[in-house]
């Protein structure tokens, strides 16, 4: 393995992936205690993404693995048919969209206005942003070969 091949972009993305993975198990939502009707899936108190989201928790864990795979691919000097970091950027954008949607647009619980976002949600958002930034930084380092017009 050639650890010297790693650059700042991959390391930032890997830190973002680790932060995202840890954040899944930290509290994301809190039903306001002063409102006795506030609940999330029948539960009260603070809950993590692991407790609240069924399928999304596994999708976010898989997304958190993507930058670690990028580090492995670069350290092992594997040849890819796409620019390194591009797939990690796509996965990071998808994770960012899931986190944003479930925290801002369609917050779980009843009533949604009585559910507060907690530190885990913000950590996951930051982790996915770091993944996207690091992966884009890596994929932007290399120029794509252009094809002549009219070819596929």
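The values are calculated or read from the model by the stated rules, or taken from the named source; none is laboratory data. No experiment lies behind these values; they were computed from the predicted model shown. FYI the Cβ positions are ideal-geometry reconstructions off the backbone, even for glycines, and counts take in every protein chain you see.
Quick notes
- Scanning region 76-92 for residues that are out of contact with any helix residue (DSSP H, G or I) (no Cβ under 6 Å at 6 or more places or on another chain) and part of a helix (DSSP H, G or I) yields 76, 87, 90.
Condition check ((1) within 16 Å of residue 23 (Cβ to Cβ); (2) surrounded by fewer than 16 Cβ atoms within 10 Å (Cβ to Cβ)) across all residues:
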position: 74; (1), (2): no, no
position: 103; (1), (2): yes, no
position: 107; (1), (2): no, no
position: 110; (1), (2): no, yes
position: 130; (1), (2): yes, no
position: 134; (1), (2): no, no
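- Odd one out for residue 146 among (1) at pLDDT below 85; (2) in a helix (DSSP H, G or I); (3) farther than 28 Å from residue 3 by Cβ: (2)
- Looking across region 93-117, the residues that are in a helix (DSSP H, G or I) and more than 19 Å from the chain's Cα centre (by Cα) come down to 112, 113, 114.
- Residue list for region 19-55, filter: loosely packed, with under 15 Cβ neighbours inside 10 Å, in contact (Cβ under 8 Å) with a residue 24 or more places away in the chain, on the phi < 0 side of the Ramachandran plot and out of contact with any helix residue (DSSP H, G or I) (no Cβ under 6 Å at 6 or more places or on another chain): 22, 37
- Some residue of region 4-24 being in a loop (DSSP other than H, G, I, E, B), more than 17 Å from residue 134 (Cα to Cα) and at pLDDT 85 or above: yes
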